[in-house]
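Report on one structure; see the data block that follows.
The values are calculated or read from the model by the stated rules, or taken from the named source; none is laboratory data. What you see is a predicted model; the values in this text were computed from it and never measured. Neighbour counts are summed over all protein chains in view; Cβ atoms, including those assigned to glycine, are modelled from backbone coordinates with ideal geometry.
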Amino acid sequence: MRLSLIDNEREINYNSVMKKKVLVFILMLSLMAVYSYSKRENVKLTAKERRQAIKSLSQHHKYWYDLITYISTKEEKAVFLKLENNRDLDLFIKSFWLQRDPTPGTPENEYKNEIEKRFIYANEHYGRGVGRPGWMTDMGKFHIILGQPISIDRFDSKPGLYPAQVWYYYGDKRLGLPTYFNVTFFKPRNSTEWKLYNPASDGPAALMVLQQPVDRSDYDTLYAKIYEIAPTLAKASISMIPEAAQGYYTFAVSLRSNLILSNIYESPKRKINVSYATNFLNYKGFVNVDASINYIENTHQVSITRYERFGFNFVNISVKPKQLSLGYNDDKDQYYFNLELSVSLKKDEEFIYQYSKNFDFYIDPDKVQNLKGNGIVIHDTFPVLPGKYQLMVFLKNTVGKEFTYFDTYIESMPEGKMPMLSTPVLGYKLEQRADNFFYPYRIRDSKLFVDTDNTFRLNAKPNLWIGVYNLEKDLWKNGKVEIHLRGLNDRIKFEKKYTLALSDYNYSKNLNIIHSLSEKGLGPDYYDCDVKLVNHLGMVIDKKGNNFSISPLKTVAYPMESFKRSRIDNPYFVYFIMGSQYESVGDLQKAETFYERCINNRPEFKKGIVAFLSILNRLKKYTKVLVEVEKIKKDKDLKFDYFLIKGIALYGMKDYDNALDQFLKANEIYNSDIRVLNLLGFTLSNLKNYEEALKAFEASLNLNGKQPFIRKVHNEVKQRLGLSQPDQQ
């Protein structure tokens, strides 16, 4: 089943939320076991950094940090302490509890409520007379982790024994705990605080008030003495499993206590996937603190390809969430969900390109099982400048308030004379297409179908997409591509090589090749696929690789695919994206070139017109601006832009009187635009109307006080008017 959507010039397109009554439920997607490991944010803190971070927390956030001390992972604590503002701290807290909600989708989080009750109880009952909060004591720790015991044996005044208590619990084998076990506390040497007793490290002698030295390793004798006084305590002194203390004869029983204690400490964390936390520092900027959020895992794939039609690189993104929530529309008898894709491209610390796209899905009831078995992959593609970037991808399902995220580093190589290979892309099917649209993984008149898991069914014949770029004719005539396919199973050796003569394909400077990796189908195994670009002398010019697996099953379910399409015969929006990226990196001449291509291909594209005229102003081509801007004079939607752009050009030409007239007209349309207010201030200052200039700067600073240069100019105008002393700083 395949879903495709027609794209238009609006990359940000959020549909209104359905007003119909919906039934929301979680649909777990059955994905293959092969999962590509994604990098995790380094969230380690030194001891000093941790102490300083805890000290800087507000009282509210410090209380929460204490509350979750025993039930959180070290990664979660480290991420929380790295956050720098209350918005992010509150968002993390919300996400933390959602990972542990036993009944997601309901108003109550029973686990959160239970932990809060246990924390309060521990502070009220276990901190008396010990000089620290009850949650920090041994009894407080086990009460918070395990809750109220099912029963307690107390030995407060047994002669020859220190005060002791034995708490009994039922355990969950899935968490590594015995079906029935005990935890013992005692007050050694008549201390005021109950300490945890560990049969392995303390031994029975620690529970006894000894008048003379004894052999602490003589468990038999010590057990017998305690048994005479308190039989049930004697059993607990040997093992945390009551029945295991019967007929013990080695230290194995007591040593098992260390494992049980370790499993108790880890039990609240075992089912928590810390990926939501380790990625939080990156995705926090995308998540609304008021929204219910639920981080889910994904598999993903990123590649960079080049098309001869354009001559520059495109980033291909594929992301597959591991679960989806569906809404149900009673009136239409359809299930639906909505995915919002947000992509950011970052160079060093600056974002050079960001966009969002919306994907709506409506599923008939008889197709739900297909979705459940196959999953869904969202594909997207966009052009990119040469350079090294951090790519950040965020996908949110608005129905279940769930989201997934990944980031990776990419390198987009420039056009040049050095031939190169693209990273090979594997697909499970190649389909002929005769349409006039551009979309991810299209090569000439074919569409490659890609699954991010890179897992193929038994006897599959995977298709390999290879890009040979910057290809000169000499290399095309005599060069070749060598493919080396190798199975990783040592018991069943598999190896196959293919040699593709480049001259067998029509010449193109940016040549894309699709090659099938098997004629008869591949057997179950993990495979490495290495690709080499070789010249006529046998020298390897470039080398790339990829890997995949063949399942032993003949019925591996391939996912649904969704992507947006744009018309290939009018790529105006591609040029607009390239122009915006060049503008972001400061290459205004190339930005002008691509913006001009954009509006030449689609003269009515208003965002492109405004961007082109703005770049001309930045390049000080004021005369050209004054000619071109008249083309939008009668467009009601661009009235504000017309006055602003024309005013900037006139200001640049030092025609301040006419520039002032344009800025005032722009301000009449929208009187809260900081650009207009600042330009009014500068224009009025040049006309020596300082009183009105001061008002313009003050209005701008009231809207945004974080404008140091404007504040400096504002103070200079005040000084000129004699309204303030010079700023000594």
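How about region 335-402: which strands (runs of 3 or more DSSP E) wholly inside it have at least 2 residues that are buried (at least 20 other Cβ atoms within 10 Å of the Cβ) and free of Cβ contacts under 8 Å to residues at least 60 places away in the same chain? Outline the logic, then answer.
Working: elements: 350-363, 376-384, 387-397.
Where strands (runs of 3 or more DSSP E) fall fully within region 335-402, none carries at least 2 residues being buried (at least 20 other Cβ atoms within 10 Å of the Cβ) and free of Cβ contacts under 8 Å to residues at least 60 places away in the same chain.
So, in region 137-154, exactly how many residues are assigned to a helix (DSSP H, G or I) and in contact (Cβ under 8 Å) with a residue 24 or more places away in the chain?
Quick first cut of region 137-154, residues assigned to a helix (DSSP H, G or I) only: 138-146.
Filter again for in contact (Cβ under 8 Å) with a residue 24 or more places away in the chain, leaving 138-139, 141-146.
Number satisfying all stated conditions: 8.
Output the number of residues of region 667-685 satisfying the condition of being buried (at least 17 other Cβ atoms within 10 Å of the Cβ) and either hydroxyl-bearing (Ser, Thr, Tyr) or over 23 Å from residue 709 (Cα atoms) (or both). Spell out the reasoning first.
Just the residues of region 667-685 that are buried (at least 17 other Cβ atoms within 10 Å of the Cβ), to begin with: 667, 673, 676-685.
Add one more test, that the residue is either hydroxyl-bearing (Ser, Thr, Tyr) or over 23 Å from residue 709 (Cα atoms) (or both), and what stays is 683, 685.
Of the residues in that region, 2 qualify.
Test each condition in (1) under 24 Å from residue 549 (Cα atoms); (2) buried (at least 18 other Cβ atoms within 10 Å of the Cβ); (3) over 19 Å from the mean Cα position of the chain (by Cα) for residue 419 and report the one that comes out false.
Result: residue 419 fails condition (1) only.
Out of region 383-418, which residues are polar (S, T, N, Q) and under 20 Å from residue 277 (Cα atoms)? Lay out the reasoning, then the answer.
First, the residues of region 383-418 that are polar (S, T, N, Q): 390, 397-398, 404, 408, 412.
Correct list: 390, 397, 404, 408.
Kindly indicate whether residue 670 is under 25 Å from residue 633 (Cβ atoms), among the aromatic types (Phe, Trp, Tyr), at pLDDT below 95 and assigned by TED's automatic domain parsing to the domain that holds residue 629.
Numbers: under 25 Å from residue 633 (Cβ atoms): yes; among the aromatic types (Phe, Trp, Tyr): yes; at pLDDT below 95: yes; assigned by TED's automatic domain parsing to the domain that holds residue 629: yes.
Criteria met by residue 670.
Which pairs have Cβ atoms under 7 Å, sit 6 or more apart or on different chains, and link a residue in region 541-554 that is assigned by TED's automatic domain parsing to the domain that holds residue 466 and more than 18 Å from residue 467 (Cβ to Cβ) to one that is part of a loop (DSSP other than H, G, I, E, B) and among the charged types (D, E, K, R)?
Going by the 7 Å Cβ cut-off, the qualifying pairs are 551/457; 553/457; 554/457.
Just to verify a result, which residue in region 714-729, among those that are surrounded by fewer than 18 Cβ atoms within 10 Å (Cβ to Cβ) and hydrophobic (A, V, I, L, M, F, W, C), is modelled with the highest pLDDT?
Looking at the filtered set, the residue picked out is 721.
From the residues in region 147-170 that are crowded, with 19+ Cβ neighbours inside 10 Å and not aromatic (Phe, Trp, Tyr), which one is farthest from residue 266 (Cα to Cα)?
161
Residues in region 316-324: is at least one assigned by TED's automatic domain parsing to the domain that holds residue 508, within 18 Å of the chain's Cα centre (by Cα), crowded, with 18+ Cβ neighbours inside 10 Å and hydroxyl-bearing (Ser, Thr, Tyr)? Give the derivation first.
Residues of region 316-324 that are assigned by TED's automatic domain parsing to the domain that holds residue 508, as a first pass: 316-324.
Keeping just the survivors that are within 18 Å of the chain's Cα centre (by Cα) gives 316-324.
Filter once more, keeping what is crowded, with 18+ Cβ neighbours inside 10 Å: 316-321, 323-324.
Now restrict to residues that are hydroxyl-bearing (Ser, Thr, Tyr): 318.
Yes, because at least one residue in region 316-324 is assigned by TED's automatic domain parsing to the domain that holds residue 508, within 18 Å of the chain's Cα centre (by Cα), crowded, with 18+ Cβ neighbours inside 10 Å and hydroxyl-bearing (Ser, Thr, Tyr).
Counting only residues that are aromatic (Phe, Trp, Tyr) and assigned to a strand (DSSP E or B), which one in region 308-334 is modelled with the lowest pLDDT? Outline the logic, then answer.
Going residue by residue through region 308-334, those that are aromatic (Phe, Trp, Tyr) are 310, 312, 314, 328.
Narrowing the set further to residues that are assigned to a strand (DSSP E or B) leaves 314, 328.
Working: 314: 96, 328: 90.
Per the criteria, the residue is 328.
If you go through region 110-145, how many residues are in contact with a strand residue (DSSP E or B) (Cβ under 7 Å, 6 or more places away or on another chain) and either over 20 Å from residue 166 (Cα atoms) or buried (at least 22 other Cβ atoms within 10 Å of the Cβ) (or both)?
Within region 110-145, residues that are in contact with a strand residue (DSSP E or B) (Cβ under 7 Å, 6 or more places away or on another chain) and either over 20 Å from residue 166 (Cα atoms) or buried (at least 22 other Cβ atoms within 10 Å of the Cβ) (or both) number 2.
Can you tell which of 636, 688, 607 is surrounded by fewer than 23 Cβ atoms within 10 Å (Cβ to Cβ) and in contact (Cβ under 8 Å) with a residue 60 or more places away in the chain? Break it down stepwise before answering.
Details: 636 fails: in contact (Cβ under 8 Å) with a residue 60 or more places away in the chain; 688 fails: in contact (Cβ under 8 Å) with a residue 60 or more places away in the chain.
Step by step, each of 636, 688, 607 is checked, and only 607 is surrounded by fewer than 23 Cβ atoms within 10 Å (Cβ to Cβ) and in contact (Cβ under 8 Å) with a residue 60 or more places away in the chain.
Pull up region 532-554, narrow it to residues that are of a type in the set (A, V, I, L, M) and out of contact with any Asp or Glu (no Cβ under 7 Å at 6 or more places or on another chain), then point me to the one that is surrounded by the most Cβ atoms within 10 Å (Cβ to Cβ). Full working, then the answer.
Step one: list which residues in region 532-554 are of a type in the set (A, V, I, L, M), which gives 533-534, 537, 539-541, 550, 553.
Next cut, out of contact with any Asp or Glu (no Cβ under 7 Å at 6 or more places or on another chain) only: 537, 539-541, 553.
Details: 537: 7, 539: 10, 540: 10, 541: 15, 553: 12.
Filtering region 532-554 for residues that are of a type in the set (A, V, I, L, M) and out of contact with any Asp or Glu (no Cβ under 7 Å at 6 or more places or on another chain), the one surrounded by the most Cβ atoms within 10 Å (Cβ to Cβ) comes out as 541.
Answer yes or no: is there a residue in region 117-137 that is closer than 30 Å to residue 399 by Cα and not hydrophobic (A, V, I, L, M, F, W, C). It would help to see each step written out before you state the result.
Narrowing region 117-137 to residues closer than 30 Å to residue 399 by Cα: none.
Within region 117-137, none of the residues are closer than 30 Å to residue 399 by Cα and not hydrophobic (A, V, I, L, M, F, W, C).
Note down all Cβ pairs under 6 Å where the first residue falls in region 189-210 and is over 21 Å from residue 223 (Cβ atoms) and among the aromatic types (Phe, Trp, Tyr), the second is part of a strand (DSSP E or B) and at pLDDT 90 or above, and they're at least six residues apart or on different chains.
Close Cβ pairs satisfying both conditions: 194/185.
Evaluate the following for residue 547: is it of a type outside the set (A, V, I, L, M, F, W, C), touching a Cys at 6+ places or on another chain (Cβ under 9 Å) and either over 29 Å from residue 373 (Cβ atoms) or part of a strand (DSSP E or B) (or both)? Full working, then the answer.
Working: of a type outside the set (A, V, I, L, M, F, W, C): yes; touching a Cys at 6+ places or on another chain (Cβ under 9 Å): yes; either over 29 Å from residue 373 (Cβ atoms) or part of a strand (DSSP E or B) (or both): yes.
It is true that residue 547 is of a type outside the set (A, V, I, L, M, F, W, C), touching a Cys at 6+ places or on another chain (Cβ under 9 Å) and either over 29 Å from residue 373 (Cβ atoms) or part of a strand (DSSP E or B) (or both).
Taking region 430-478 only, how many residues are part of a strand (DSSP E or B) and acidic (Asp, Glu)? Give the derivation first.
Filtering region 430-478 down to residues part of a strand (DSSP E or B) leaves 430-432, 437-438, 442-443, 446-449, 455-456, 463-469.
Next cut, acidic (Asp, Glu) only: 431.
Of the residues in that region, 1 qualify.
Anything in region 58-76 that is out of contact with any Pro (no Cβ under 6 Å at 6 or more places or on another chain), in contact (Cβ under 8 Å) with a residue 24 or more places away in the chain and either assigned to a helix (DSSP H, G or I) or aliphatic (A, V, I, L, M) (or both)? List them, or say none. Before the answer, list the steps.
Quick first cut of region 58-76, residues out of contact with any Pro (no Cβ under 6 Å at 6 or more places or on another chain) only: 58-70, 72-76.
Retained after the next criterion (residues that are in contact (Cβ under 8 Å) with a residue 24 or more places away in the chain): 58, 61, 64, 66-70, 72-73, 75-76.
Those that are out of contact with any Pro (no Cβ under 6 Å at 6 or more places or on another chain), in contact (Cβ under 8 Å) with a residue 24 or more places away in the chain and either assigned to a helix (DSSP H, G or I) or aliphatic (A, V, I, L, M) (or both): 61, 64, 66, 67, 68, 75, 76.
Report yes if residue 478 is in contact with a Phe, Trp or Tyr (Cβ under 9 Å, 6 or more places away or on another chain) and in the same structural domain as residue 308 (by TED's automatic domain parsing), otherwise no.
Details: in contact with a Phe, Trp or Tyr (Cβ under 9 Å, 6 or more places away or on another chain): no; in the same structural domain as residue 308 (by TED's automatic domain parsing): yes.
So residue 478 fails the test.
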